[in-house]
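Presented below is the structure to which this report refers.
The values are calculated or read from the model by the stated rules, or taken from the named source; none is laboratory data. Bear in mind that the values here come from a model prediction, so they are computed numbers and not experimental data. Don't worry about glycine lacking a Cβ; one is built from the backbone with ideal geometry, like all the others, and counts go over all protein chains shown.
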């Protein structure tokens, strides 16, 4: 019989085992570095190099991760490139609409979607978090709130790159991407067209661009925060919103466990609560890369053979400062910045 004495003995040994496990975790040189005093920031795609520098201006001075992830992606929003911010590709009616969300170490979060004519949607998302009882504002309501908070309305005008891409897209008005297997990259049917339901696309200058930047960071206090901002799919249906502004899909932070962000075809991230899934897998003991891989495998299980025609990538950071990413297709990369490293990493992929 399992009596009280055996129960107490079992409890003592279990507690001892947990304590020893925590000690081994902290001292294992292969387990990642200790959190306190070791800030780190990671973000999706090559645009993350500049974004991470912006974040490091705060993290490097022992600032808060929340401030860092806002400042970091603001660099990308302000860059006026063809894939994030007001310089991005429009929807199929010719209007640029932006989505963004932000989340801090206390599970506070804010989000905006279908926002027009505002340069920094990530900052509006933070105001939603800090100044309203809501999590998400959309459309004209989000714009009205932004203006009331002092954000100026920008001119409704396509950038030169976006205008050229849109004019090329209008020739066929197709919303059907294909995979360029030879280059192991995502592409659309014509080199000048903008992205279909993929993050990456190629334009006249031959460079690869991406329609989302997601960032997660840990500060010197060991606290986590994350941000995600996007123009969404190029030439999307008007009113379409993907995963990027949705907490638990495009971004999720749990300060006890870790944080994750996503990029790629948002509909398939939404349908399996992608970043929440990644964080919960890390809670179960998976490393960031393992957790991202399991989440990708779940999408592939749901999609079946259709997964061969889409791209989704996950990027994660746990409380020990370990990082990892994984994608459906080859080509997903992410940027890392800490006090000891600054580099791009090619993530693993299923295909």
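Here residue 325 meets the list (1) within 21 Å of residue 48 (Cα to Cα); (2) modelled with pLDDT under 95 almost entirely, failing just condition (2).
Can you pull out every residue in the range 15-73 that is farther than 21 Å from residue 254 by Cα, at pLDDT below 90 and part of a loop (DSSP other than H, G, I, E, B)? Once the filter is applied, which keeps residues that are farther than 21 Å from residue 254 by Cα, at pLDDT below 90 and part of a loop (DSSP other than H, G, I, E, B), the range 15-73 yields 28, 29, 30. Taking residue 226 as the residue in question, decide whether it is more than 20 Å from residue 291 (Cα to Cα) and either in a strand (DSSP E or B) or in contact with a strand residue (DSSP E or B) (Cβ under 8 Å, 6 or more places away or on another chain) (or both). No: the conditions fail for residue 226. In the set (1) out of contact with any helix residue (DSSP H, G or I) (no Cβ under 9 Å at 6 or more places or on another chain); (2) touching a residue at least 60 places away in the same chain (Cβ under 8 Å), residue 47 fails one condition alone, (1). If only residues of the range 222-237 that are over 18 Å from residue 75 (Cα atoms) and modelled with pLDDT under 95 are counted, the one that is surrounded by the fewest Cβ atoms within 10 Å (Cβ to Cβ) is 237.
Of everything listed in (1) part of a helix (DSSP H, G or I); (2) surrounded by 20 or more Cβ atoms within 10 Å (Cβ to Cβ); (3) touching a residue at least 40 places away in the same chain (Cβ under 8 Å), the single unmet condition for residue 245 is (1). Mind checking whether some residue in the range 308-322 is farther than 23 Å from residue 53 by Cβ and free of Cβ contacts under 8 Å to residues at least 40 places away in the same chain? No: the range 308-322 contains no residue that is farther than 23 Å from residue 53 by Cβ and free of Cβ contacts under 8 Å to residues at least 40 places away in the same chain.
Any residue in the range 53-70 that is closer than 15 Å to residue 162 by Cβ, touching a residue at least 60 places away in the same chain (Cβ under 8 Å) and surrounded by fewer than 21 Cβ atoms within 10 Å (Cβ to Cβ)? Scanning the range 53-70 turns up no residue that is closer than 15 Å to residue 162 by Cβ, touching a residue at least 60 places away in the same chain (Cβ under 8 Å) and surrounded by fewer than 21 Cβ atoms within 10 Å (Cβ to Cβ).
Would you check if residue 269 is free of Cβ contacts under 8 Å to residues at least 40 places away in the same chain, under 16 Å from the mean Cα position of the chain (by Cα), under 20 Å from residue 102 (Cα atoms) and in a helix (DSSP H, G or I)? Answer is no for this residue.
Output the residue which, of all residues in the range 323-350 that are over 15 Å from residue 216 (Cβ atoms), touching a residue at least 60 places away in the same chain (Cβ under 8 Å) and touching a strand residue (DSSP E or B) at 6+ places or on another chain (Cβ under 6 Å), is surrounded by the fewest Cβ atoms within 10 Å (Cβ to Cβ). In this case the residue turns out to be 344.
Scanning the range 91-103 for residues that are over 28 Å from residue 258 (Cα atoms) and buried (at least 22 other Cβ atoms within 10 Å of the Cβ) yields a total of 2.
Would you point out the residue of the range 104-126, among those that are more than 16 Å from residue 136 (Cβ to Cβ) and out of contact with any strand residue (DSSP E or B) (no Cβ under 8 Å at 6 or more places or on another chain), that is surrounded by the fewest Cβ atoms within 10 Å (Cβ to Cβ)? Residue satisfying both the conditions and the ranking: 106. As for the range 201-219, it holds no residue that is loosely packed, with under 12 Cβ neighbours inside 10 Å, at pLDDT 95 or above and either on the phi < 0 side of the Ramachandran plot or under 21 Å from the mean Cα position of the chain (by Cα) (or both). Counting only residues that are surrounded by 18 or more Cβ atoms within 10 Å (Cβ to Cβ) and in contact with a helix residue (DSSP H, G or I) (Cβ under 8 Å, 6 or more places away or on another chain), how many does the range 251-271 have? The number of residues fulfilling the criteria is 12. Scanning the range 278-292 for residues that are outside any loop (DSSP other than H, G, I, E, B) and more than 16 Å from the chain's Cα centre (by Cα) turns up 280, 281, 282, 283, 290. Looking only at residues of the range 139-162 that are under 13 Å from residue 96 (Cβ atoms) and at pLDDT below 90, we find that the one that is surrounded by the most Cβ atoms within 10 Å (Cβ to Cβ) is 162.
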